[in-house]
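Asker: What follows is a structure written as structure tokens; I'll ask about it next.
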């Protein structure tokens, strides 16, 4: 699921950048190179026919980027447009500059406003990769031109580019720090809200107290060990794990706290909680990106899980990770219908579920992180054990 607000802002920034680029490109580039030479005092520097052909091709190529932009916008990938635009401009401009000035017939001059727009407005994308592309690309373009024309005057525009890039970097750095501060503030507020919701769920079902926190810790440990979840996605993945059972707020207390085996009808009610939970978080920015954790954490590798009966890798990796963590904690926690299993027994059952209930590769990674899970469980017991005794202590 796309982060719609960020995607919208990226589109707005791209449209603004392209508007500025094309306005300056046509009002300056065409006038400077195609009209100025015909002024009386510049009659001796009128370019030849091949120059105009190359210039026409350059302008045509830049214009043809408009439908390319529309295509990437429709695909939901506006971030690619700025890279394509800048690279295309640099390459075409490099070719025309080398042709026009190669051989020393003309003194090299540079004062392209398009390049000023590209450099000074690069921070609006809050993207260091794009900034580095612009800076390195422009410097490299001038250096390559300098190699061909063998004129030290090329160092002047290189110096200008470096100075303007320094100004742009300061702006980018300030914007990045501001965004980082806002993100941290948002994450702290989100974490507080999530923990508040979990506390409410635990009041409804006391026997699951601590379950969500432990599952989230186990899942984070396993996710990091697999290397299949991006570092930037881990915080929101953690929050989604905390909320994986949020749908149980819709389950009657008589079923949640029932002693003994559930009837078929009661079990069908229990099976609704992933769907209800996914509906509850589908509009929560960040967590919604990992809605599969909530919706699919009861799927099985063999397709016998619920709610959709997905088989193998049809279930997203984050949900498969959560399913294994959820099963381990369920087995090692005391419930209303049975006492907690020993860690060794839970470990054995996870291995027995390899290829049937659980992803075989994840089970292999589980073997590696198992000691860490024991540490997590024991630390939680230590931190949350009341003075009167350990209600959920694992043998």
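The values are calculated or read from the model by the stated rules, or taken from the named source; none is laboratory data. This one's a predicted model, so the numbers in the text were calculated from it and none came from an experiment. We place every Cβ from the backbone using ideal geometry, glycine too, and count neighbours over all the protein chains shown.
Asker: Can you confirm whether residue 322 is crowded, with 23+ Cβ neighbours inside 10 Å and under 30 Å from residue 185 (Cα atoms)? Walk me through it before giving the result.
Answerer: Values: crowded, with 23+ Cβ neighbours inside 10 Å: yes; under 30 Å from residue 185 (Cα atoms): yes.
Yes.
A quick yes/no check of all residues on (1) within 19 Å of residue 79 (Cα to Cα); (2) modelled with pLDDT under 90:
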position: 123; (1), (2): yes, no
position: 128; (1), (2): yes, no
position: 162; (1), (2): no, no
position: 167; (1), (2): no, no
position: 190; (1), (2): no, yes
position: 195; (1), (2): no, yes
position: 201; (1), (2): no, yes
position: 207; (1), (2): no, yes
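Asker: Further, regarding this structure: Taking the range 345-385 on its own, how many of its residues are more than 22 Å from residue 300 (Cα to Cα) and in a helix (DSSP H, G or I)?
Answerer: So the count comes out to 13.
Asker: In the range 376-388, what count of residues is obtained for those that are farther than 17 Å from residue 322 by Cβ and either in contact with a helix residue (DSSP H, G or I) (Cβ under 6 Å, 6 or more places away or on another chain) or at pLDDT 95 or above (or both)? Can you show your working first?
Answerer: Within the range 376-388, the first condition is being farther than 17 Å from residue 322 by Cβ, and the residues that meet it are 378-388.
Next, from what is left, pick out any that are either in contact with a helix residue (DSSP H, G or I) (Cβ under 6 Å, 6 or more places away or on another chain) or at pLDDT 95 or above (or both): 380.
Here the count works out to 1.
Asker: Could you list all residues from the range 312-325 that are in contact with a helix residue (DSSP H, G or I) (Cβ under 6 Å, 6 or more places away or on another chain) and either part of a loop (DSSP other than H, G, I, E, B) or not assigned by TED's automatic domain parsing to the domain that holds residue 229 (or both)?
Answerer: Within the range 312-325, just 316 meets the criteria.
Asker: Quick one: which residue in 307, 342, 360 is touching a strand residue (DSSP E or B) at 6+ places or on another chain (Cβ under 9 Å) and at pLDDT 90 or above?
Answerer: Details: 307 fails: touching a strand residue (DSSP E or B) at 6+ places or on another chain (Cβ under 9 Å); 342 fails: touching a strand residue (DSSP E or B) at 6+ places or on another chain (Cβ under 9 Å).
That would be 360, the only listed residue that is touching a strand residue (DSSP E or B) at 6+ places or on another chain (Cβ under 9 Å) and at pLDDT 90 or above.
One line per residue, one yes/no per condition, for (1) surrounded by fewer than 20 Cβ atoms within 10 Å (Cβ to Cβ); (2) farther than 30 Å from residue 224 by Cβ:
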residue: 243; (1), (2): no, no
residue: 249; (1), (2): yes, no
residue: 268; (1), (2): yes, yes
residue: 281; (1), (2): no, no
residue: 301; (1), (2): no, no
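Asker: Let me ask something else about it. Just to be sure before I move on: is residue 179 closer than 30 Å to residue 115 by Cβ and free of Cβ contacts under 8 Å to residues at least 60 places away in the same chain in the structure I sent?
Answerer: Numbers: closer than 30 Å to residue 115 by Cβ: yes; free of Cβ contacts under 8 Å to residues at least 60 places away in the same chain: yes.
It is true that residue 179 is closer than 30 Å to residue 115 by Cβ and free of Cβ contacts under 8 Å to residues at least 60 places away in the same chain.
Asker: Right, something else. Pick from the range 124-136 the residues that are part of a helix (DSSP H, G or I) and either outside the structural domain of residue 79 (by TED's automatic domain parsing) or within 19 Å of the chain's Cα centre (by Cα) (or both): which of them is surrounded by the fewest Cβ atoms within 10 Å (Cβ to Cβ)?
Answerer: 129
Asker: Can you go through 229, 284 and tell me which one is touching a helix residue (DSSP H, G or I) at 6+ places or on another chain (Cβ under 6 Å) and either within 24 Å of residue 313 (Cβ to Cβ) or not in a helix (DSSP H, G or I) (or both)? Lay out the reasoning, then the answer.
Answerer: On the way: 284 fails: touching a helix residue (DSSP H, G or I) at 6+ places or on another chain (Cβ under 6 Å).
Going through 229, 284 in turn, the sole match is 229.
Asker: Moving to a separate point now. Could you tell me whether any residue of the range 234-241 is assigned to a helix (DSSP H, G or I), free of Cβ contacts under 8 Å to residues at least 40 places away in the same chain and in contact with a helix residue (DSSP H, G or I) (Cβ under 6 Å, 6 or more places away or on another chain)? Break it down into steps so the answer makes sense when it comes.
Answerer: Start the filter on the range 234-241 by keeping residues that are assigned to a helix (DSSP H, G or I), which leaves 234-241.
Still in the list and also free of Cβ contacts under 8 Å to residues at least 40 places away in the same chain: 234, 238.
From what's left, in contact with a helix residue (DSSP H, G or I) (Cβ under 6 Å, 6 or more places away or on another chain): 238.
Yes, some residue in the range 234-241 is assigned to a helix (DSSP H, G or I), free of Cβ contacts under 8 Å to residues at least 40 places away in the same chain and in contact with a helix residue (DSSP H, G or I) (Cβ under 6 Å, 6 or more places away or on another chain).
Asker: Among the listed residues 179, 161, 153, 147, which satisfies the condition of being part of a helix (DSSP H, G or I) and surrounded by 20 or more Cβ atoms within 10 Å (Cβ to Cβ)?
Answerer: Step by step, each of 179, 161, 153, 147 is checked, and only 161 is part of a helix (DSSP H, G or I) and surrounded by 20 or more Cβ atoms within 10 Å (Cβ to Cβ).
Asker: Moving on to the next point. How many residues does the range 263-278 contain that are in a helix (DSSP H, G or I) and without any contact (Cβ under 8 Å) to a residue 24 or more places away in the chain?
Answerer: So the answer is 7.
Asker: Identify, from the list 305, 260, 309, the residue that is buried (at least 18 other Cβ atoms within 10 Å of the Cβ) and outside any helix (DSSP H, G or I). Full working, then the answer.
Answerer: On the way: 260 fails: buried (at least 18 other Cβ atoms within 10 Å of the Cβ); 309 fails: buried (at least 18 other Cβ atoms within 10 Å of the Cβ).
305 is the lone residue from the list that is buried (at least 18 other Cβ atoms within 10 Å of the Cβ) and outside any helix (DSSP H, G or I).
Asker: Given 244, 173, which one is modelled with pLDDT of 90 or more and either more than 30 Å from residue 362 (Cβ to Cβ) or assigned to a helix (DSSP H, G or I) (or both)?
Answerer: The unique qualifying residue is 173.
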